[in-house]
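Undergrad: Take this structure, written in structure tokens, and hold onto it; I'll ask about it next.
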Amino acid sequence: MMRLILFGAPGSGKGTMGDFIQRDFLFPKISTGDILRSAVQQDSAEGGQARSFMESGGLVPDELVIEMVRQRLSRSDLGTGYVMDGYPRTLTQAEALSRIACESEKAIFIEVSEAEAVERLLSRLTCNNCGAIYNRLTKPPKRDGVCDVCRGRVERRADDNEEAVRQRFRVYAERTMPVIDYYDRKRVLARIDGGGPAARVYETLKGLIA
Ligand SMILES: [Zn+2]
């Protein structure tokens, strides 16, 4: 079983790459957000604890997240591999993940310049009814301002202004560097150029998986 860990700042195209991998390799995409939501829905002991942290506006502590990820990875639907998306975020999480066995592990850092990430994020449009994501340049809705899926209104998210977007990019780079260094030292890290069209980035990425 292969464990693929994707890193990439907002605007790097990480989400799209994860979707392509899931489609072509049938690797489930595992994100902490999804794990938290399903633990809360299933009302597990950990889900209940996580919910009380979230409801009080606090962060869910590392050890709780680590335990929920461990439980998720012990399920039998993982097939020949899985993709970690947005996890691990801290060194403690990375070390805990390393203790969960897998046959091969690859961490891939999708690098993109701040300028390109910002341009992509600022051209992103979201349906304010169903959440479908469009892009003014590369994937506009068929009718201007109207969602293809639900006919809702499609517009730029309020927090996608330039200053906020630059800030998100820098915070990501700063917080994630220690985790990326961890995989570099472990000699399982590959860096790929995330600039340019998604299809071309994916060709490079695929070459690292097969
Ligand atoms: Zn919609």
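Undergrad: Considering each of Asp77, Asp159, Asp148 in turn, give the residue that is surrounded by fewer than 19 Cβ atoms within 10 Å (Cβ to Cβ), at pLDDT 90 or above and assigned to a loop (DSSP other than H, G, I, E, B). Spell out the reasoning first.
TA: Numbers: Asp77 fails: at pLDDT 90 or above; Asp159 fails: at pLDDT 90 or above.
After ruling out the rest, the residue left standing is Asp148.
Undergrad: Right, something else. Residues to consider are Ile21, Ile5; find the one that is in a helix (DSSP H, G or I) and β-branched (Val, Ile, Thr).
TA: Ile21
Undergrad: Just one of (1) within 20 Å of Ala96 (Cβ to Cβ); (2) modelled with pLDDT under 90 trips up Ile5, so point out which.
TA: (2)
Undergrad: Has the range 141-159 got at least one residue that is more than 16 Å from the ligand (Cβ to nearest atom) and in contact (Cβ under 8 Å) with a residue 12 or more places away in the chain? Please lay out each step first, then the result.
TA: The first filter runs over the range 141-159 and keeps only residues more than 16 Å from the ligand (Cβ to nearest atom), leaving 158-159.
Now restrict to residues that are in contact (Cβ under 8 Å) with a residue 12 or more places away in the chain: none.
Checking the range 141-159: not a single residue is more than 16 Å from the ligand (Cβ to nearest atom) and in contact (Cβ under 8 Å) with a residue 12 or more places away in the chain.
Undergrad: So, in the range 104-132, how many residues would count as being in contact with a strand residue (DSSP E or B) (Cβ under 9 Å, 6 or more places away or on another chain) and more than 10 Å from the ligand (Cβ to nearest atom)? Spell out how you get there, then give the answer.
TA: Of the residues in the range 104-132, the ones in contact with a strand residue (DSSP E or B) (Cβ under 9 Å, 6 or more places away or on another chain) are 104-112, 120, 123-129, 132.
Then drop every residue that is not more than 10 Å from the ligand (Cβ to nearest atom), which leaves 104-112, 120, 123-125.
Final tally of qualifying residues: 13.
Undergrad: Taking Val171 as meeting all but one of (1) out of contact with any Gly (no Cβ under 9 Å at 6 or more places or on another chain); (2) open to solvent by 40 Å² or more (accessible area, probe 1.4 Å); (3) within 26 Å of Ile5 (Cα to Cα); (4) within 16 Å of the ligand (Cβ to nearest atom), write down the number of the exception.
TA: Result: Val171 fails condition (4) only.
Undergrad: Of the conditions (1) outside any loop (DSSP other than H, G, I, E, B); (2) at pLDDT below 95; (3) over 30 Å from Glu67 (Cα atoms); (4) more than 16 Å from the ligand (Cβ to nearest atom), Arg200 clears all except one; give me its number.
TA: Checking Arg200 against (1) outside any loop (DSSP other than H, G, I, E, B); (2) at pLDDT below 95; (3) over 30 Å from Glu67 (Cα atoms); (4) more than 16 Å from the ligand (Cβ to nearest atom), the one that fails is (2).
The values are calculated or read from the model by the stated rules, or taken from the named source; none is laboratory data. What you see is a predicted model; the values in this text were computed from it and never measured. FYI the Cβ positions are ideal-geometry reconstructions off the backbone, even for glycines, and counts take in every protein chain you see. Each accessible area value is taken on the protein alone, full model and side chains, heavy atoms only, with ligands, DNA and RNA left out. Shrake-Rupley method; radii C 1.70, N 1.55, O 1.52, S 1.80 Å.
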